[in-house]
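Worksheet: one structure, shown below.
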Amino acid sequence: MNLIKTSGLFLAGALLVASCGQKGETVETSEAKEVAKATGKTINVNETASKVSWTGYKPAGKHYGIIPVTEGEISIEGSNITGGEFTFDITALEIHDMEKTEESYGKLHGHLQSPDFFDAANHPKATFEVTSVEPFTADAEIEDKEEFKTEFTPKSLSEQMVEAPTHWISGNLTMRGTTKNIKFPASVKIEDGSVSAKAGFNIDRTDWGLSYGDESTAVDKAKDKFIYNTVNVGFEIKAN
């Protein structure tokens, strides 16, 4: 595994994914890779100060919220991070663009938990295990995907990214029984034995079987009868 230098790297707790750094608007996605062998001391993630955010789009609107980080740890040796893993509670997913007392909240929450999306009854947890880290270079190519234009076109990768990424983080994301390796840019700080990290990127939800309303199957997109495959993902992770 490529270790992170003092300037920092953290490992990610994020969620979801498909091609940034080379070409594309989503994170680079590939088959699962060997998990990094953690060495050194281990520090725990602060669950209350950590979160994963999501925004999904359809031509007529969007929904957004968070998925809680329920546990996680990061391994540090000297000034380097050598490994880590995180767990997310799909059943505790929150929707923040509507009140929990609204009938529509219950309907949407139930639909997201159903086999159309996360299939939470069979796969209540998602996990992320770090596999490698690399320095982020200033000349990294970031190209935005051409999306079908509507009033609610997904935010592009260049809009979603953090302003000053320091590293690429790679790791195996397991969700809905499928494991894919994802690679995304993040801004990381290591100070006084504490680690903090922020990232923003896009994923293709269909890579994990979340295919309801798949835009590629829309017969006539002008009729607005689809859900964008691109999902905005963001995270803030703190460990101490």
So who's got an amide H within less than 5 Å of the one on V162, skipping anything under 5 residues away but keeping other chains? H placed 1.01 Å off N, in plane.
G200
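Show me the ranking of peptides 216-224, 198-206, 29-37 by mean Cβ neighbours inside 10 Å, starting with the highest.
Taking the mean over residues of other Cβ atoms within 10 Å, the ranking is 198-206, 29-37, 216-224.
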Can you pull the one-decimal nm distance between simple spin-label points at Y64 and K223, each 7 Å off the Cα toward Cβ?
3.0 nm
Solvent-accessible area per residue for the chain (1.4 angstrom probe, square angstrom):
47 Å²
Which of V162, N202, V130 sits farthest toward the positive end of the charge dipole of segment 123-240, with +1 on the Cβ of Lys and Arg and -1 on the Cβ of Asp and Glu?
V130
Divide by every residue of the chain the summed helix terms, -39500 (n - 2.57) for each DSSP H run of at least 4, and state the resulting mean residue ellipticity at 222 nm, rounded to the nearest 500 deg cm²/dmol.
-1500 deg cm²/dmol
In nanometres, the difference between 0.36 nm per residue of separation and the alpha-carbon distance of Y212 and M98 is 38.9 nm
Could you give the size of the charge dipole of segment 178-240 about its Cα centre, using +1 on the Cβ of each K and R and -1 on the Cβ of each D and E, expressed in debye and rounded to the nearest 20?
20 debye
Amide H of A36 versus every other amide H placed in the peptide plane: which residues, excluding those fewer than 5 positions away on the same chain, fall under 5 Å?
T131
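For the chain, with only Lys/Arg (+1) and Asp/Glu (-1) charged at the beta-carbon, what is the dipole magnitude about the Cα centre, in debye rounded to 20?
The calculated dipole for the chain is roughly 180 debye.
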Could you go through segment 62-69 in sequence order and give the Karplus-derived ³J(HN,Hα) for each residue, using 6.51 cos²θ - 1.76 cosθ + 1.60 with θ = phi - 60°, rounded to whole Hz, and x for Gly and Pro?
8, 10, 8, x, 9, 10, x, 8
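The values are calculated or read from the model by the stated rules, or taken from the named source; none is laboratory data. The shown structure was predicted, so the numbers you read here are calculated from the model rather than taken from an experiment. So basically every Cβ, Gly included, is an ideal-geometry build from the backbone, and we count neighbours across all protein chains shown. Heads up: the accessible areas ignore ligands, DNA and RNA and are worked out on the full protein's heavy atoms, side chains in. Shrake-Rupley method; radii C 1.70, N 1.55, O 1.52, S 1.80 Å.
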